[in-house]
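> My questions will all concern the structure given below.
The values are calculated or read from the model by the stated rules, or taken from the named source; none is laboratory data. Worth saying up front: this structure is predicted, and the values here are computed from it rather than measured. Using ideal geometry, Cβ is built from the backbone for each residue, glycine included, and neighbour counts are taken over all protein chains shown.
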Amino acid sequence: MYTILTQPSAAPVIQSLRNIGYKAQTAIADIVDNGIDAEATDIHITFKYDNGNGYIKIQDNGKGMTDKELQIAMTIGSKDPREERKQHELGRFGMGLKTGSFSLGQRLSVLTKIDGVISERCWDLEYVSTHNEWYLFKEIPSEVKWKMGTIDSDNGTIVFIDKLDRFCGYGTEKIIQLSSYYAKVARIRKFLEMVFQVKLDNGLNIYINDNFLDSWDPFLCEHPKTLEGETQIIKVNRKRVKITPYVLPHPSTFNETEYKIAGGIKGWRDQQGFYIYREGRLVNFGDWFGLFTKDSFSELVRIKIDFTNNADDDWKIDIKKSSVSIPEDAKENLKAIGKYYRQVSKEIMLYRAKPSRTQSKMKGSLHTWELANDEADSPYLLNRNHSILTNILKDIDEDMRRKFNLYLKLVELGSPNNLLHSSSLVKKEKQVQEVDEKIKYYIIELSKTLIDSNEIIILEEIVDAISLFPGFESVERTTIKNILEKDVLVNER
């Protein structure tokens, strides 16, 4: 059959590439990926305003490129996304350098050095559009080159983007104001601190206008009250996917500043959901992907999903590396995990009232729950000074007061928050345990109440009943039986 070779027109294609849908923050992150793939340890990002005639400069100390490698890197569509990626490589389509830069400005210049040998290239989209040809400059214009600076070491790369029409309104009547410009830079900073958190924690240094980026951990792993669920490994199309759920502390455990920081760039409610990591780099976050709807009870749940770049097709990673789709093979597992930890979050939000962190308890406080102390794992206690409770206790006799206080203690021991922070909910020992005197007292009182009410009078049934009570799960049956034989049943005979 006869074929006709057709070449796409440069002007319309180049303009289409500018409208893929990048946000400024995802475009910058995509360019930073190239520096990480080049094994850079230091990446400096500079934003220059200059009344809308400024630039964005991204310089790294990576291994640099040869002239041939640079030519390939600057060629549109030079890499087949179906090709197998190197291990840990962040690149996907081989388009991020170009499309990310084009979404910000009309001119992209790259200066690179490897083993002391310098190469350079420049795309000027105005020139391409005027001539409707894929003209790539082999040399960077002199008026640009002096702004770029030099690469002082033997290896490294500078990516320089100017004519920033999309970023700050260059060449238009809508040039962004200075305050808005740097507010935009601040948002980019927060985004990069989250997206590259794992990389930053593992030794990568990123700077914006010479200010070091601090990693932001969405899971608050260092907080003593964060609950980390069991990590699970599932297979999607025979590829391993690692899932680790987290339930963050109740908002009342933070001061105002801590609460705002922990809320992230979207805020507490919108940060809940799945966090998708590809090769340790965050590509999507704060989304339930249609498996659940967002609500205030679930805002403590953030579930980490991590996979390697060989799973890109399964998760439909897009060219911007900011959009994914949950594979059908993973939905059932993710829904089950999400459902469980959303319930944990709901129980914490419902049953954990705002605590009073003062040592002295305020008489007449309307809080129904209080922290026992200021320790990280402090249990919550019912407020025994609540006006309603004190009035009830005044109107009942001593025996009823004893039983009522026993019931309140069982409520405390069985509260969802205290159960979640219990040191052990699994019984491992077969021998008699050493038991706290308070726990021993409540076991004795509870058994007496069961006997007095004639609900249970057989020893083994009493042991079974108490061992299943919330708050006593960690006490071995042998221990409960030993206490009953010594301190209750013998005396009751």
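> Looking at segment 152-169 only, could you name the residues that are assigned to a loop (DSSP other than H, G, I, E, B) and out of contact with any helix residue (DSSP H, G or I) (no Cβ under 6 Å at 6 or more places or on another chain)? Working first, answer last.
Initially, segment 152-169 is screened for residues assigned to a loop (DSSP other than H, G, I, E, B), giving 152-155, 163-164, 169.
Within segment 152-169, Asp152, Ser153, Asp154, Asn155, Lys163, Leu164 meet the criteria.
> Ok, one more. Tally up the residues in segment 110-145 that are surrounded by fewer than 15 Cβ atoms within 10 Å (Cβ to Cβ) and within 14 Å of Lys63 (Cα to Cα), please.
Residues that pass the stated criteria total 4.
> Lys239 passes all but one of (1) within 27 Å of Ser323 (Cβ to Cβ); (2) modelled with pLDDT of 95 or more; (3) surrounded by fewer than 18 Cβ atoms within 10 Å (Cβ to Cβ); which number fails?
Answer for Lys239: the failing condition is (2).
> Return yes or no: is Glu445 surrounded by 15 or more Cβ atoms within 10 Å (Cβ to Cβ), at pLDDT 70 or above, of a type outside the set (Ser, Thr, Tyr) and under 26 Å from Ser345 (Cα atoms)?
Working: surrounded by 15 or more Cβ atoms within 10 Å (Cβ to Cβ): yes; at pLDDT 70 or above: yes; of a type outside the set (Ser, Thr, Tyr): yes; under 26 Å from Ser345 (Cα atoms): no.
So Glu445 does not fit the description; no.
> Is at least one residue of segment 255-263 under 16 Å from the mean Cα position of the chain (by Cα), over 30 Å from Ile58 (Cα atoms) and surrounded by 17 or more Cβ atoms within 10 Å (Cβ to Cβ)?
No.
> Continuing with this model, one more query. Would you call Leu425 modelled with pLDDT under 80, farther than 26 Å from Phe254 by Cα, part of a loop (DSSP other than H, G, I, E, B) and under 36 Å from the mean Cα position of the chain (by Cα)? Working first, answer last.
Working: modelled with pLDDT under 80: yes; farther than 26 Å from Phe254 by Cα: yes; part of a loop (DSSP other than H, G, I, E, B): yes; under 36 Å from the mean Cα position of the chain (by Cα): yes.
So Leu425 passes the test.
> Spot the failing condition for Ile188; the list is (1) surrounded by fewer than 19 Cβ atoms within 10 Å (Cβ to Cβ); (2) over 15 Å from the mean Cα position of the chain (by Cα); (3) assigned to a helix (DSSP H, G or I), and only one is missed.
Answer for Ile188: the failing condition is (1).
> Given the criteria surrounded by fewer than 20 Cβ atoms within 10 Å (Cβ to Cβ) and over 30 Å from Ala262 (Cβ atoms), does Glu193 qualify?
Numbers: surrounded by fewer than 20 Cβ atoms within 10 Å (Cβ to Cβ): yes; over 30 Å from Ala262 (Cβ atoms): no.
Criteria not met by Glu193.
> Please verify whether segment 221-235 includes one or more residues that are assigned to a loop (DSSP other than H, G, I, E, B), surrounded by 13 or more Cβ atoms within 10 Å (Cβ to Cβ), of a type in the set (A, V, I, L, M) and in contact with a Leu (Cβ under 9 Å, 6 or more places away or on another chain).
To start, the set of residues in segment 221-235 that are assigned to a loop (DSSP other than H, G, I, E, B) comprises 221-226, 229-231.
Checking the rest, the ones that are also surrounded by 13 or more Cβ atoms within 10 Å (Cβ to Cβ) come to 223, 225-226, 229.
Filter once more, keeping what is of a type in the set (A, V, I, L, M): none.
Taking every residue of segment 221-235 in turn, none turns out to be assigned to a loop (DSSP other than H, G, I, E, B), surrounded by 13 or more Cβ atoms within 10 Å (Cβ to Cβ), of a type in the set (A, V, I, L, M) and in contact with a Leu (Cβ under 9 Å, 6 or more places away or on another chain).
> When you scan segment 170-184, how many residues do you find that are crowded, with 19+ Cβ neighbours inside 10 Å and either touching a strand residue (DSSP E or B) at 6+ places or on another chain (Cβ under 6 Å) or assigned to a helix (DSSP H, G or I) (or both)?
Within segment 170-184, residues that are crowded, with 19+ Cβ neighbours inside 10 Å and either touching a strand residue (DSSP E or B) at 6+ places or on another chain (Cβ under 6 Å) or assigned to a helix (DSSP H, G or I) (or both) number 1.
> Can you confirm whether segment 46-65 contains a residue that is out of contact with any Gly (no Cβ under 8 Å at 6 or more places or on another chain), part of a loop (DSSP other than H, G, I, E, B) and over 24 Å from Glu126 (Cα atoms)?
Taking every residue of segment 46-65 in turn, at least one turns out to be out of contact with any Gly (no Cβ under 8 Å at 6 or more places or on another chain), part of a loop (DSSP other than H, G, I, E, B) and over 24 Å from Glu126 (Cα atoms).
> Oh, and also: Could you list, in sequence order, all residues of segment 236-254 that are touching a Leu at 6+ places or on another chain (Cβ under 8 Å) and not β-branched (Val, Ile, Thr)? So that I can check it myself, show each step before the final result.
Narrowing segment 236-254 to residues touching a Leu at 6+ places or on another chain (Cβ under 8 Å): 243, 246-250.
Answer for segment 236-254, where residues must be touching a Leu at 6+ places or on another chain (Cβ under 8 Å) and not β-branched (Val, Ile, Thr): Tyr246, Leu248, Pro249, His250.
> Say whether the condition of being at pLDDT below 65 and at positive phi is met by at least one residue in segment 457-475.
Yes, segment 457-475 contains at least one residue that is at pLDDT below 65 and at positive phi.
> Continuing with this model, one more query. Considering only helices (runs of 4 or more DSSP H) fully contained in segment 239-318, which possess at least 1 residues that are in contact with a strand residue (DSSP E or B) (Cβ under 7 Å, 6 or more places away or on another chain)?
By residue number, 268-271, 312-315.
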